[in-house]
Amino acid sequence: MFGSKEEFKEHFMRRFEQQTEEQSPQTAYAVLGDMLREHIQEDWERTNTRYAEHKDKQLYYFSIEFLIGRLLGQNLLNLACYDLVKEGLDELGYDLSEIEEFEPEPGLGNGGLGRLAAGFLDSLASLQMPGHGCGIRYKGGLFTQHIKDGFQTEQPTDWIRETGSLDVRREDLALDIPFFGQAGTAENAEWVKAVPYDMPVVGANGRTINTLRLWQAEPSDRPIPSTKTMQIYERETAAISDRLYPDDSLDEGKILRLKQQYFLCSASIRTILKERQFEIRELPDRVAIQVNDTHPAMAVPELMRVLLDEEGLDWDEAWAITTRTISYTNHTILEEAMEKWDSYLIETLLPRIYQIIEEIDRRFKAKLATQQLSTHDRHKLSIIENDRVKMAVLAVVGSYKVNGVAKLHTEILKQREMKELHEQFPDKFHNKTNGISHRRWLMKANPELASLITESIGSGWVTEPERLRELDRFAKDQSFHASFEAVKRQKKEQLIRHVEHISDSPIDPDSIFDIHIKRIHGYKRQLMNILHIQMLYDRIRQDSSFRPYPRTFFFGGKAAPTYDFAKQVIKTINTVAHKVNSDPLVRQHVHVVFVENYNVSKAEQLIPAANVSEQISTASKEASGTGNMKFMMNGALTLGTVDGANVEIFEQVGEENAFPFGLLAEQVMQFEKDGTYDPQEIIRHDPEIRQVMAELTGGQLTDGIENSNYIIRQLIDRRDPFFVLKDLRSYMAVHDQMLMAYTEQTRWTEMAIKNVAASGYFSSDRTIRQYAEEVWHLDRRS
Ligand code: CR6
């Protein structure tokens, strides 16, 4: 980026001295940001010109979330000047990692789905592919979590105000989006101005800089409807890009959410079409639109609307183009996350769109009319049913490809959740197992391990991550073992420094770091983990021969503000943590740390330090998981259920190098079907589980607080829908196995190395190559 270190230093100091603010690390952060922006500008323009001149087919990844994480460090790394800048700053008396801490994290996503979208953009740019993101520029990202008396409290964040962010306002591309009014005319509509902010996506090892276009909602200049005051209109307009919905697995069905979805789809589609330099009929050869879950599925009727009403095509032509342009990724089978919109909501807010959805449904039903189908099948195949619009069905019918995010999940879609749709469109369905950016999760988060790998096998893995396999040669190499263990130790010590202020007693770096970080949710079973810890506590106090190898259990994760059960789980974790950590006997063996405000930056500190990766979702419920891949890549062993991408992790590394346990997906689904699982039976027959349940009901695990019964209600009244008690024994047994394995240090290190070696498959570069080849056909030129 700056030629040499000297050049950088000179340039930096010159800029620094021009600042009016004092010369603090915060000012240094601002200066670095400006330098980066200027540096990127030229390559960004060049990339755009190249795409226009070569007429490359462009991919647009539509997503309601892009959890991009901090950008400064990652951009420097991708521009191959991180070390140079770090050393230069060092010599000037500044610490780059300290400067990086000044960047507020843009939390424009909830979890896996949003982080996946961000990782995909990194891979697209790094593979020099023309792929861009389209999303919303939420003023407030995901809330900041604080823990008070063991409870989660939420505080709004305002990342934009806190930073001069990297994006560029494109007033020239602003457009007005209509809501309400009458179908087909703009009369009485309420207009919202959509203003794009373009953010550069800097690819590694090249000069490709793609664009993440985030839309901001503002009042339009058009007259407002007579039924509204200016004040209400302005408030409602700003609300559209005011905040991210803080729930990743609940369909809230609120009008604001619907507005966000349509706002994103309409602004993006109309701009893509307006800027095009080709005939509309060429669209499928020039543009691919990937719809990330159903949130942007309004892309289907919106593209139809533009083709019909603005481009003047007839229905069949428009439909052929739409269904050759749009493809859809499904990320969940959880019933409560399957979006269903009340018809009247869509009809009121988007009258013309509703007409189009009705027509899509009518035509699809007419096609099915000739087939012999059961009532059940017809029900599963209808887009509109009981005055509700099922977005997943709309997305499948309106796409040319539909994918799940891990092999098991795709099979469940094909054979169960979307069986009837799969029978209608067998060729549409395919699997694309998720991936993670090895640049962020290995090179950026764990430069120590990255260097060790490069010293041993060369740097080929950086561009071809599957070459991490070459590490297998070192799995038994004693001197490699020593360096590998030293790196893990170093990362554990670094983590301790980051979190010691929140822990009530010192953390032992020699203990096993067992880490469970992700959103707090029933199916992710943080409850099972903490019940197990309470059982360890009971056993250590009751059985003087039971003195297990020391373990530090880390938890981190946010609960959706309206999800009482999950909030109660956080309280339980903190209560048990306090109890365990303040017991002089127990704390020699078990230590519990809840890391406040888990986010991407915290993940970057936690994951490299892990020995054990807790991936314990109820089998069939976690579509893929991506945290599991990050841990593996950093040499942690997966202790997990046979669910989501865990299945493929076990496949890649071999089950003997991991700790699988628990009910299988088919067993879970069988129990769900026949209803024969009775948690009471387990409580009756298992004295240890009975004891922990008694403690739970007695309020001992929640400080005796009223309301502690969300958990009881779920386990007893709702008959333990996530099979926590059912899997608890098997979970305890696999923990015992893990402890045994850990005491054989050499064998453990060998397993850890094999995990890193097998993790290359999970780079999102692999995932993106597969999408590009099999779905988007990005190499296709017209
Ligand atoms: N919550 C899945 O649950 C998957 C990601 C990304 C999720 C998770 O298993 O890894 O998507 N689903 O594919 C949704 O958000 C709907 C998630 O992050």
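The values are calculated or read from the model by the stated rules, or taken from the named source; none is laboratory data. Every value quoted in this text rests on a predicted model; they were computed, and no experiment measured them. Note that we place each Cβ from the backbone using ideal geometry, even for glycine, and neighbour counts take in every protein chain shown. Please note that ligands, DNA and RNA were not included when accessible areas were found on the heavy atoms of the full protein model with its side chains. Shrake-Rupley method; radii C 1.70, N 1.55, O 1.52, S 1.80 Å.
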(message) Can you tell me what share of the DSSP beta bridges in the chain is antiparallel? A percent to the nearest 5 is fine.
(response) 40 percent
(request) Decide, for segment 543-664, between rounded, prolate and oblate: order the square roots of the alpha carbon gyration tensor eigenvalues as a ≥ b ≥ c, take rounded if a/c falls under 1.5, and otherwise choose prolate if a/b is larger than b/c, else oblate. (result) oblate
(message) Which aspartates and glutamates, if any, have their Cα less than 16 Å from the Cα of LYS259, not counting same-chain residues under 8 positions apart?
(response) GLU65, ASP176, GLU190, GLU218, GLU234, GLU236, ASP242, ASP251, GLU302, GLU339, ASP342, GLU347
(message) Quick check for me: using +1 on Lys/Arg Cβ and -1 on Asp/Glu Cβ, what's the dipole size of segment 248-288 about its Cα centre, in debye to the nearest 20?
(response) 220 debye
(request) Would you kindly calculate the translational diffusion coefficient of the chain, applying Stokes-Einstein with the Kirkwood radius from alpha carbon pairs, for 20 °C and a viscosity of 1.002 mPa s, and quote it in µm² s⁻¹ without decimals? (result) 78 µm²/s
(message) In Å and on Cα atoms, what radius of gyration and Dmax does segment 291-349 show?
(response) 13.5, 39
(message) Computing the accessible area with a 1.4 Å probe over protein heavy atoms, can you report the carbon and sulfur percentage for segment 11-169?
(response) 48 percent
(request) Please report the orientation-averaged projected area of segment 529-575, defined via the convex hull of its C-alpha atoms, in nm². (result) 3.7 nm²
(request) For segment 1-89, build the convex hull from the C-alpha positions and give me its volume per residue in Å³. (result) 134 Å³
(request) State in Å² the accessible area per residue of the chain; use a 1.4 Å probe, count heavy atoms of protein chains only, and round to the nearest integer. (result) 38 Å²
(request) Determine the dipole magnitude for the chain: charges of +1 sit on the beta-carbon of Lys and Arg, -1 on that of Asp and Glu, nothing else is charged, the reference point is the Cα centre, and the result goes in debye to the nearest 20. (result) 1060 debye
(request) Once you have a ≥ b ≥ c as the square roots of the Cα gyration tensor eigenvalues for segment 44-133, tell me rounded if a/c is under 1.5, and otherwise prolate or oblate according to whether a/b is larger than b/c. (result) oblate
(request) Tally up the carbon and sulfur contribution to the accessible surface of segment 215-302 as a whole percent, 1.4 Å probe, everything protein left in place. (result) 48 percent
(request) Over 28 Å between C-alpha atoms is what I'm after, so list which of LYS432/LYS567; LYS254/LYS621; LYS148/LYS524; LYS488/LYS524 land there. (result) LYS432/LYS567
(message) Per residue, how big is the convex hull of segment 448-599 when only Cα atoms are used? Give it in Å³.
(response) 151 Å³
(request) Would you kindly state how much longer the chain becomes between ARG497 and ARG222 on full extension, computed as 0.36 nm times their sequence separation minus their alpha carbon distance, in nm to one decimal? (result) 93.5 nm
(request) Quote the relative contact order of segment 628-782 in percent (integer), defining contacts as alpha-carbon pairs under 8 Å separated by 6+ residues. (result) 33 percent
(request) At 1.4 Å probe size, with no ligands or nucleic acids counted, give the accessible surface of ILE570 in Å², nearest ten. (result) 0 Å²
(request) Starting from the amide H of HIS132, placed 1.01 Å from N in the peptide plane, find each other amide H under 5 Å away whose residue is 5 or more places distant or on another chain. (result) LEU59, TYR60, TYR61
(message) Only four residue types carry charge here, +1 at the Cβ of Lys and Arg and -1 at the Cβ of Asp and Glu. Report the dipole size of segment 454-541 about the Cα centre in Debye, rounded to the nearest 20.
(response) 400 debye
(request) Apply 1/(1 + (r/R0)^6) to the Cβ-Cβ distance of TYR344 and GLU666, taking R0 = 41 Å, and write down the FRET efficiency to the nearest 0.05. (result) 0.55
(request) Kindly give Rg over Rh for segment 510-549, based on alpha-carbon atoms, with the Kirkwood expression for the hydrodynamic radius. (result) 1.07
(message) From the convex hull of the Cα coordinates of segment 62-115, what is the mean projected area in square nanometres?
(response) 4.4 nm²
(message) Taking all protein chains in place and a 1.4 Å probe, what share, in percent, of the accessible surface of segment 410-454 do carbon and sulfur account for?
(response) 46 percent
(message) Tell me whether segment 694-782 comes out rounded, prolate or oblate; compute the Cα gyration tensor, take square roots of the eigenvalues as a ≥ b ≥ c, and use a/c under 1.5 as the rounded threshold.
(response) oblate
